[in-house]
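First comes the structure, then the notes that go with it.
The values are calculated or read from the model by the stated rules, or taken from the named source; none is laboratory data. Bear in mind the structure is a predicted one, so any value in this text is a computation, not a measurement. Note: ideal-geometry Cβ built from the backbone for every residue, glycine included; neighbour counts use all protein chains shown.
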Amino acid sequence: MYKNHRISLVMPCYNEERGLPEVYRDLPSIVDEVIVADNNSTDRTAEIARQFGAIVVTETKQGYGAAYKTGLRRATGDIIVTMDGDGTYQRNFIPILLDVMIDEGFDFITCDRTGHKDKPSNWLRVFGNDVLNLFIWLLFWFRVRDSQSGMWVFRRWVLSHLNLTSDGMAFSEEIKLEAMSKKALIRSNELPIYYKERHGVSKLRIWRDGFYNLFFLFRKRFGMLGKAPPLVEPGELNLQKEAKA
Ligand SMILES: Nc1nc2c(ncn2[C@@H]2O[C@H](COP(=O)(O)OP(=O)(O)OP(=O)(O)O)[C@@H](O)[C@H]2O)c(=O)[nH]1
Ligand SMILES: [Mg+2]
């Protein structure tokens, strides 16, 4: 619990047996539940997650977005925090981000890694991220500095307003597009964080995922993706009132 809010951490994991112990090493005790969405891992991901006390949900459809959808549906907290299961996102930012969210009344915060990494980033990733940020600006008319970041903090009721169609890596840009464009309903912000080298092997396929994510932006912009059922039904809980009180 943090300031009367129940906190869920959701992590999509595909072979993250080396990253999970790092996440748990300094996970703040304010996190009430950890959901690991295990995406066909062939290593000891699920076993290690259970040893640490996480709730493990299994998603057999391969993909970052598919794993996230299953994990997010299972979360019960008032506020959801997300990160990769690889140790890159720093757990000590969780209380700081929650402070900003609760004290300043934000509903959705996405984290910006672009200024901070303990080792120089691969230029191709930085370039790819910038291209995608630029196309988001050109197609959707809003600015985001790190469209591909995987750490978000948001009130759970927000999920009832989002049309999340992507099962792949584009889920990351889609959740930002959906939340940050609904300005009248969802108060959003983007805040800088540290980002460290991952533990274990990267699952990102730079060219493939980069082009897919770019193509996805066009499909989203021109209404080619249809409607996905909300991950939280509006009537499921009176979360909006609770969270805003
Ligand atoms: N790419 C990918 N990631 C998945 C999948 N299923 C779950 N994941 C998890 O999604 C998270 C993001 O993948 P990463 O390999 O860390 O990609 P990244 O953060 O862009 O790249 P790194 O900086 O190298 O970590 C990790 O926790 C993965 O284990 C999947 O099918 N594809
Ligand atoms: Mg990662």
Need pairs with beta-carbon distance below 6 Å; first residue among the basic types (K, R) and within the stretch 81-102, second within 16 Å of ligand 1 (Cβ to nearest atom); sequence gap 6+ or separate chains. R91/L27
Any chance the stretch 169-186 includes a residue that's within 14 Å of ligand 1 (Cβ to nearest atom) and in a loop (DSSP other than H, G, I, E, B)? yes
Considering the stretch 197-228 alone, what residues qualify as being in a loop (DSSP other than H, G, I, E, B), touching a residue at least 40 places away in the same chain (Cβ under 8 Å) and over 24 Å from Y14 (Cα atoms)? L225, G226, K227
Could you check the stretch 74-124 and list, in sequence order, the residues that are modelled with pLDDT of 95 or more, in contact with a strand residue (DSSP E or B) (Cβ under 9 Å, 6 or more places away or on another chain), away from ligand 2 (no atom under 16 Å from the Cβ) and not in a helix (DSSP H, G or I)? A75, T76, G77, D78, I79, I80, F106, D107, F108, I109
Exactly one of F142, F127 is surrounded by fewer than 18 Cβ atoms within 10 Å (Cβ to Cβ), more than 18 Å from the chain's Cα centre (by Cα) and assigned to a loop (DSSP other than H, G, I, E, B), and that residue is F142
Note on the stretch 200-237: residues within 16 Å of ligand 2 (Cβ to nearest atom), under 27 Å from I94 (Cβ atoms), under 18 Å from the mean Cα position of the chain (by Cα) and surrounded by 14 or more Cβ atoms within 10 Å (Cβ to Cβ) are K203, L204, D209, N213
